[in-house]
Structure formats: C-alpha cells, structure tokens
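Taken together, the values in this text are just the output of simple stated rules run on the coordinates, not laboratory data. Computed from a predicted structure; not experimentally measured.
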Amino acid sequence: MTRLAKRQGPVFVAANPATVELARDYLKSIGVGLTSISISTTALQIFVRTAAIDEARTRTGHITESSLLQLRMIAAGMTNAEIGRQLGMSENTIKASLKALFRTIGARDRAHAVLIGCRAGLI
C-alpha cells in the first residue's frame, strides 16, 4: 500500500517578499516550519481555489462512510482488487460502488475523485 505524504507545516501566501520573510522568521521563532511559500499567487487564484474547495465540499456532503473509506483507499493508490480484498467484497462490487461515488461527486475518474476529496478536506 502506498503511504500518503503528511503535511509538514502551513502554506503561506503573500505578494510582498518582505512579508514572506517576516512571516517565516516569526513562525520559525515559535517552532513552526513552512511547507511552502507562494509569492506569485494572485487574488484571482485564491478566489478560484476557494470556489473549488466550496464546490468540492458541496459535492461530497452526501457520501457514505463506506464511500469515504473507498475514496481514501484510491487516494492511497490501491487498485479495485486490493480494496475489495481489504473490505471483503468482489472487485466488481467495488467497481460499481466507485462508479456510483464518482457520479455522486461529479468526478470523471479516480484522479478527479481524489482531487475533489482533497479539496473538500476528506483526504
């Protein structure tokens, strides 16, 4: 099974390099490390990302615990057969279940489903 990378610290977005340095120094002084810093992010990019997160949360608001578990398993890189073995279901049952999940959240494929799940904060 593939392991997911864990976040090492907050992501900071700022337009002014001096602000980035000030934030980095402050966070370092209190023992917090930054995962990444983005200086070139615009207000439009932040708005688009926020809208995508809101849409993902709306789409995933009605999924079952079983579907959520399967979504997390595909995010971990598991195949339908591996998911089926772990859950005690046939590969065809998993395939049908994931197809229904993708339809529910509006995903085109496994990667899109994982993206929606990440944006919704489920993964």
**Length added when fully stretched, LYS99-THR64, from 0.36 nm per residue minus Cα-Cα** = 11.2 nm
**Request:** Report the extension gain between ARG110 and ALA18 in nm, rounded to one decimal, defined as 0.36 nm multiplied by the number of residues separating them, less their alpha carbon distance.
**Result:** 29.1 nm
